[in-house]
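The values are calculated or read from the model by the stated rules, or taken from the named source; none is laboratory data. Because the structure is predicted, anything quoted here is derived from the model rather than measured. Here the Cβ is made from the backbone with ideal geometry for all residues, glycine too, and neighbour counts use every protein chain on show. Just so you know, the surface numbers come from the protein's heavy atoms only, side chains and all, with ligands and any DNA or RNA stripped out. Shrake-Rupley method; radii C 1.70, N 1.55, O 1.52, S 1.80 Å.
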Amino acid sequence: MGEEVQIGATAVGIKAKDGVVLAAEKRVSYGFYTLSSAGRKVFVIDDKLAIASAGIIADMQSLARIVKINAKAYELETRKKPTVRSMAKLLSVIMFSRRYMPFFAEVLVGGVDEEGSHLIVMDPLGSLIEDNYAALGTGAKLAISVLDTGYREDITLQDAKKLAVKALKAAIERDPVSGGGIDLVLIDQTGAKEEEVKVQLLI
């Protein structure tokens, strides 16, 4: 029996009272071989919607392109932005249609619409779960323990950002296939803002 090869990635999402934070570390690895320390796993779809992924980088990029194209087409046709749930549902249908040859990616869909803030968790087959916070990938067990301890329902967007960074740092410190810094997207009623946090670990 061959060794299991880990596709490294850790992503987290947090729903705040005034928006949503999505974040992921930047290392791209295959097993214990690091391909890049500048991989992007958080993708802005429009100014009120983004996704974060854990899995194979090519599949993450493909899913991001599919959602972005369909969100733009919907906006051009209806002259209004799609809701977060409708884009998550579309992505769910696409992922389920590939169930025999699935995308190797777990996805967090986050955004703000007229109904408020939403964070939706999806597995590679397209199952949908709406939650207040979530962690995906090889470092998820480490990250979720930090989120469990630090999350509260009235958390602000800025406090959610700090909590997401803390959770990913915990994963990066202990998960050998996560690392390389942190990308974040903060989404509220004013739009989506991308940020980067450099991570220095003690050797």
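Residue-by-condition table, conditions (1) of a type in the set (Asp, Glu); (2) under 17 Å from residue 60 (Cα atoms); (3) in contact with a Leu (Cβ under 8 Å, 6 or more places away or on another chain):
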{"site": "110", "(1), (2), (3)": "no, yes, yes"}
{"site": "146", "(1), (2), (3)": "no, no, yes"}
{"site": "164", "(1), (2), (3)": "no, no, yes"}
{"site": "181", "(1), (2), (3)": "no, no, no"}
{"site": "184", "(1), (2), (3)": "no, yes, yes"}
{"site": "192", "(1), (2), (3)": "no, no, yes"}
{"site": "195", "(1), (2), (3)": "yes, no, yes"}
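Would you mind stating whether residue 117 is modelled with pLDDT of 95 or more, out of contact with any Asp or Glu (no Cβ under 9 Å at 6 or more places or on another chain) and among the hydroxyl-bearing types (Ser, Thr, Tyr)? Reasoning before the result, please.
Details: modelled with pLDDT of 95 or more: yes; out of contact with any Asp or Glu (no Cβ under 9 Å at 6 or more places or on another chain): no; among the hydroxyl-bearing types (Ser, Thr, Tyr): yes.
Spelling it out, it is not the case that residue 117 is modelled with pLDDT of 95 or more, out of contact with any Asp or Glu (no Cβ under 9 Å at 6 or more places or on another chain) and among the hydroxyl-bearing types (Ser, Thr, Tyr).
One residue stands out among those in the stretch 40-71 that are touching a helix residue (DSSP H, G or I) at 6+ places or on another chain (Cβ under 7 Å) and open to solvent by 10 Å² or more (accessible area, probe 1.4 Å): the one that is nearest to residue 199 (Cα to Cα), which is 43.
Considering 74, 100, which residue is in a loop (DSSP other than H, G, I, E, B), free of Cβ contacts under 8 Å to residues at least 60 places away in the same chain and surrounded by fewer than 20 Cβ atoms within 10 Å (Cβ to Cβ)?
Working: 74 fails: in a loop (DSSP other than H, G, I, E, B).
None of the other options fit; the residue is 100.
Being part of a helix (DSSP H, G or I) and free of Cβ contacts under 8 Å to residues at least 24 places away in the same chain is the filter here; which residues of the stretch 145-157 pass it? Hits for the stretch 145-157 are 148, 149, 150.
Are any of the residues in the stretch 159-175 surrounded by fewer than 17 Cβ atoms within 10 Å (Cβ to Cβ), out of contact with any helix residue (DSSP H, G or I) (no Cβ under 7 Å at 6 or more places or on another chain) and not charged (D, E, K, R)? No, that holds for no residue. Residues that are under 10 Å from residue 10 (Cα atoms) and in contact with a helix residue (DSSP H, G or I) (Cβ under 7 Å, 6 or more places away or on another chain) within the stretch 128-158 comprise 135, 139, 142, 143, listed in sequence order.
A Cβ distance below 6 Å, combined with a sequence gap of six or more or placement on separate chains, defines the contacts here; from the stretch 125-142, residues that are closer than 15 Å to residue 52 by Cα and outside any strand (DSSP E or B) reach residues that are modelled with pLDDT under 90 and among the hydroxyl-bearing types (Ser, Thr, Tyr) in the pairs 139/178.
The condition of being in contact (Cβ under 8 Å) with a residue 24 or more places away in the chain, of a type outside the set (S, T, N, Q) and assigned to a strand (DSSP E or B) does not hold for residue 39. Looking only at the stretch 79-95, decide whether some residue is in a loop (DSSP other than H, G, I, E, B), under 22 Å from residue 25 (Cα atoms), open to solvent by 40 Å² or more (accessible area, probe 1.4 Å) and touching a helix residue (DSSP H, G or I) at 6+ places or on another chain (Cβ under 9 Å). So far as the stretch 79-95 goes, no, none of its residues is in a loop (DSSP other than H, G, I, E, B), under 22 Å from residue 25 (Cα atoms), open to solvent by 40 Å² or more (accessible area, probe 1.4 Å) and touching a helix residue (DSSP H, G or I) at 6+ places or on another chain (Cβ under 9 Å).
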